[in-house]
1. Looking only at residues in region A:142-179 that are more than 24 Å from the chain's Cα centre (by Cα) and closer than 30 Å to B:Glu76 by Cβ, which one is surrounded by the fewest Cβ atoms within 10 Å (Cβ to Cβ)?
2. Please state which of the following conditions A:Leu59 fails to meet, knowing it meets all the rest: (1) touching a Leu at 6+ places or on another chain (Cβ under 7 Å); (2) surrounded by fewer than 18 Cβ atoms within 10 Å (Cβ to Cβ).
3. Under 9 Å by Cβ, and 6 or more places apart or on different chains, what pairs join a residue from region B:338-355 that is more than 27 Å from B:Ser281 (Cα to Cα) with one that is surrounded by 20 or more Cβ atoms within 10 Å (Cβ to Cβ) and of a type in the set (Lys, Arg)?
4. For region A:106-137, enumerate the residues that are surrounded by 15 or more Cβ atoms within 10 Å (Cβ to Cβ), more than 15 Å from A:Asn74 (Cβ to Cβ) and out of contact with any Asp or Glu (no Cβ under 7 Å at 6 or more places or on another chain).
5. Mind counting the residues in region B:384-412 that are loosely packed, with under 12 Cβ neighbours inside 10 Å and either of a type outside the set (A, V, I, L, M) or in contact with a strand residue (DSSP E or B) (Cβ under 7 Å, 6 or more places away or on another chain) (or both)?
6. Out of B:Asp159, B:Asp172, which single residue is closer than 30 Å to B:Pro193 by Cα and either out of contact with any Pro (no Cβ under 6 Å at 6 or more places or on another chain) or without any contact (Cβ under 8 Å) to a residue 40 or more places away in the chain (or both)?
7. Among residues belonging to region A:64-85 that are surrounded by 13 or more Cβ atoms within 10 Å (Cβ to Cβ) and without any contact (Cβ under 8 Å) to a residue 24 or more places away in the chain, point out the one that is nearest to A:Lys141 (Cα to Cα).
8. What are the residues in region A:53-95 that are farther than 28 Å from B:Ser143 by Cβ and in a loop (DSSP other than H, G, I, E, B), if any?
Amino acid sequence: MIKDDTSKKNYTLKRQTGYWLGEFTVMASPCQILLDNVDGALADSLTALAYAEAKRIELKFSRFRDDNIIARLNSGTNEIIRVDEETIRLINLADLCFQLSDGLFDISSGVLGKLWHFKQQTQLPNDADIKALLPNIGWQKASWNAPLLRLPKGMQIDLGGIGKEYAVDKVAQLLQQQTDNAFLVNFGGDIYANKLRSNEDSWQIAIEDPNHLGKSKLMISLAQGGLASSGDSQRYIEVDGQRYGHILNPKTGYPIAGGPAQVTVYAQNCVQAGMLATIALLQGEFAEDFLIAQDCRYWLS
Amino acid sequence: MQLKIKIKSKSKSKTFTNISMTLAAATCALSTPVLAQPSELDSWDVNAGLLIYAEGDNQVQAYEGALSLTKQIDDERSINVKGVIDVLTGASPNGAVAQNKAQTFTRPSGNGSYTTVTGDTPLDDTFRDTRVALSTQYQQQLSRLWLYSGGAYLSKEYDYLALSINSALARDFNNRNTTASLGFAYAYDTIEPEGGIPNPGVSVDNPNNRLTDSDTKQTLDLLFGLTQVIDRQTLMQLNYSISDVSGYQTDPFKIFSVVDSNGWANDYVYENRPDQRTKQSLFWRTKYNIQPSGQVLDVSYRYFWDDWGITSHTIDSKWRVQLSNQHFIEPHLRYYSQQAADFYRVYLDDSQPIPEYMTADYRLGELQTYTIGLKYGLPIAGNEFSVRLEYYLTQVSGDDSLAKGAGMAGLDLYPDKSAIMLQSFYRF
């Protein structure tokens, strides 16, 4: 009996005109690897490599597991925990973003998601419940001196706001070591492309219109660099005609009002694009003022 | 290509600072491969250095060995302990002027004498000492933005004991792009020259030319510093320091020629410097990292002035060029220019009363120093080894017409001095 070998694989491969498309799901996101001008065997090994790296990062930093560094940090024991070099770098970046955003970008704000889950939510969370969570939020209360981190009792951190973009850059870096061909990494809309395709074309990227799902309003051509979007129009609740989006202010515990539905930013790499997009959205109605000051290419919708 | 969709017209706007640059630098660091695990906290970081310094004409020679140990106690605290031993030999100018005759001097200790031949600048050949110095420095991160450091220093040579303590506080501002620091140091030195402290202005041949056995000097330093990250490549530093020295600052081994109208030195007296001195300096430094070649250009300028009338300018530049295989070369150029202290004289006229303060020490005279050097570094067994070779040339200047009369006609009162230094470091 011949066993179908591909059925064991965690990814699929499709041949498209001029490139191979590898697809898998990691971090609850549809992930794509577009490989320009390669043969099927190389496409297969590169996609396998990309999947393995993305999965490694998911397992290491997911807050939904009980066997990783995030689980140890969030265990609530108030101990000093020594973290490894990769975690140091991610926390350093989070720490920097916390400072650069005056405390709006906060990896300790994830606990608010218990109240603001936006899943068939029709009522605002109880104000008293929100207030009760606030003492557990605030990265300035954590004691971070790389490689040692101590979280105050009750504080939990979530690197999900950086993890996907980080995975994109990491995978791109690995692919870069393996191939001289052009490629594009797309993890749920967070994207990196290494160079012009062999036919001198850029990759054409369709950005989904958050107000008309399934339809693309924006086409962006990307040759080299990172592209990331922040904002998600599916996650909101409307109460008494007031729309509450899913970007939460860690200082008040409430959604930030008046901002664009979605921000897309182009930068040198995907993490940089992602951080700029997220911090922009956290500025609410001043998102565009923030982006103008960054001197970067951006798209609002 | 850029497409911006205004969601609404806004009446309000807000001003933001540009953080892209900082983010770009931080995110680049994020994706560089993790090469090695950070060193264990309980290991000591050891730096060892050897230095050989030799002045021209067989003047001062120095050999120095230094060992520096640094330990990261935990992530917030570190401690450094350093020991230095140096041995000095050779001869150094005693302050007397050259003469068209041989000169004989009693040794500073009062035991024995030495003779300088015709035309030569008199050198005291008893310059020989061993110095042992120990210091310790402690650093602690007080909070996210505050850094404290404090230390103590002790050095002992045959006739000199130096003790000092220091303390500094630094704070980061402006997304850690700016660091301001404030430091102070206090030093207490005791000198106990062989034979005692000489009586200034009194002849070296006078049997009653000694005052006390020892004397002391106290120094208080204050330092204000500002370091600013200009962009991803450029770092700028600005320091101001003020230093108040009180106590015995005279060099008990330096003497003065008392010269008659024919230029002959018939007597020698001990020098004298004020008990009070206030020194100030302004220091500006820029480090520029040339990307992507990894070259580093390090340029600094210092302006120094004090109430003895000395002002000086120092321009220093180093250019580090990265070669392949982690080798590097670093050319070094330095220029130093100094104006003389108000009480600097080459000699005293016997027709004039002896002034209260006077020195003939060329180091307080008008001079220019040029330094040219090259450092070469390479990894040995995975650790950095480097060796530095430097050449110094000091040009002392002054009024040539002072070489007067039969006693000094045709003599160079301001001989140039040169020195070579060879230094090596190993870090493991």
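The values are calculated or read from the model by the stated rules, or taken from the named source; none is laboratory data. Nothing here was measured: the structure is a model prediction, and the numbers come from that model. Here the Cβ is made from the backbone with ideal geometry for all residues, glycine too, and neighbour counts use every protein chain on show.
1. Taking the candidates together, the pick is A:Lys153.
2. Here A:Leu59 clears every test but (1).
3. Taking only residues 6 or more apart or on different chains, the pairs are B:Pro355/B:Arg345.
4. If the condition is that a residue be surrounded by 15 or more Cβ atoms within 10 Å (Cβ to Cβ), more than 15 Å from A:Asn74 (Cβ to Cβ) and out of contact with any Asp or Glu (no Cβ under 7 Å at 6 or more places or on another chain), then A:Trp116, A:Phe118, A:Gln121, A:Leu124, A:Pro125, A:Ile130, A:Leu134 are the ones that fit.
5. 4
6. Unique residue meeting the criteria: B:Asp159.
7. My answer is A:Ser75.
8. Those that are farther than 28 Å from B:Ser143 by Cβ and in a loop (DSSP other than H, G, I, E, B): A:Ser62, A:Phe64, A:Arg65, A:Asp66, A:Asp67, A:Asn68.
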